[in-house]
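Comments concern the structure below.
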Amino acid sequence: MGIDSTRVLGRVFSPWRMSSLIAVVGIIITAIVCYGFYTGSRMNVRHAPLIDAAMEVKLEATNAYLKFDQVMRDGQDEHMKEVIKHMMQAEWYAEAMLNGGANLEGTFIPLDDEAMRRDITQVQEKLLQFRQIIMEQFTEGAGKADSARYNHIFTDLVFQADQVETRLQQIMKNDLHNFRDNQIMLIIVIVILFVFADVVFIQYNRSQASSYLMLFKTRKALEEEMIERKRVEAELKELTVKDDLTGLYNRRGFFMLGEHTLSMKSRERDGLFMLYTDLDDFKWINDTLGHQAGDNALKDFASVLRDTYRESDVIARLVGDEFVVLPVGADGDSATLVSERLIANLEKFNTENNRPYNIISSVGIIKYEVGSKETLDELISNADKMMYEHKRARKQARLK
């Protein structure tokens, strides 16, 4: 390059113009990164709670259905308050999806998609019909109840809520796809900006290479920050489905994975079993040895469960000292063998570890048959009953 060309470049790319160029590039990059963070955060804050709300509508309506069935079957009128409570919760979540709301589970931003709002309005109408027929059947009594109409309305309600959840998931999937495409385009823009800046710096003065290196390091720092942010977000997401004390899945995590497992088994035409268990004498450990010993007992039991079952199996602590296992790759025929292995591992743990208590559990096993229409809640309830029968039988045996 000749002297005249260098002088022209010197006039065109004067120091203040170079500073302005650097500032513009920096602002653009910052805006791109902020836009990426904003878009990702918006999807997470907006769509994930709405999907949870749709699931809660189904869950609360199903709980009301099961509890009302118990009221009509057993004549336990005092449980009607719980039925109404579940219905009010389902209606609240549907309203939150339309007009927003907040509770302990999070903040719900109103839907702005007109088609989705119409679907939610239909869900609200189904909830109102379901509440009305519940009150009608409760007033008329079991002898005059129109169970066919009652079941039909409930089925329509669940189907409509499923449609809403599916559409929300599809919207989130599309947004994630668009977000990924936008991020690729934005990265290309960033690369182009850096290449342009590099060419300008080389043409203007090779001594400015150090400035380009600084910008490159800044870019790397921003990329590392994005990676770290995603890692932290992944950890935070994991915390929402994991039990803090034992590290096993909590109730929310179990229901998320359990519903998927049941759906998968139904498609594969394959059965499986559920194991429900709790710690015997846990109250004695807490009251006599202290809460720290109680926590240690829960962690010990969780450790034995991990050693007994495979990493692919769904193991969760639902509440207190109650645990549930859903072996993914096993069927009901191996249920007895797996429960015996758990008991053997507990005996081995008690023998090898000098604890002031013994880890003893009662176990209930329920088989999920191929083609069964049982829900996860129903499986848990049936397995829980089996567990208490096992506990009662052991106590009677000890008395003899």
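The values are calculated or read from the model by the stated rules, or taken from the named source; none is laboratory data. Quick caveat, the model's predicted, so the values are computed rather than measured. Please note: Cβ atoms are built from the backbone with ideal geometry, for glycine as well, and neighbour counts cover all protein chains shown.
For this structure, a couple of remarks:
- Screening Ala94 on (1) closer than 16 Å to Ala61 by Cα; (2) of a type in the set (A, V, I, L, M, F, W, C); (3) surrounded by fewer than 17 Cβ atoms within 10 Å (Cβ to Cβ) shows it passes everything except condition (3).
- Count of region 253-284 residues which are within 24 Å of the chain's Cα centre (by Cα) and assigned to a helix (DSSP H, G or I): 16
- Gly320 vs. criteria over 20 Å from Leu59 (Cβ atoms), under 24 Å from the mean Cα position of the chain (by Cα), modelled with pLDDT of 90 or more and exposed (fewer than 14 other Cβ atoms within 10 Å of the Cβ): yes
- Qualifying residues in region 226-261 (those that are at pLDDT below 90 and among the polar types (S, T, N, Q)) - the one nearest to Thr375 (Cα to Cα): Thr261
- The condition of being in a helix (DSSP H, G or I) and without any contact (Cβ under 8 Å) to a residue 24 or more places away in the chain does not hold for Arg131.
- A single entry from Gly258, Gly271, Gly294 fulfils the requirement of being within 16 Å of Leu248 (Cα to Cα) and surrounded by 14 or more Cβ atoms within 10 Å (Cβ to Cβ): Gly258.
- Test result for Phe108, hydrophobic (A, V, I, L, M, F, W, C), at pLDDT below 85 and within 20 Å of Lys58 (Cβ to Cβ): yes
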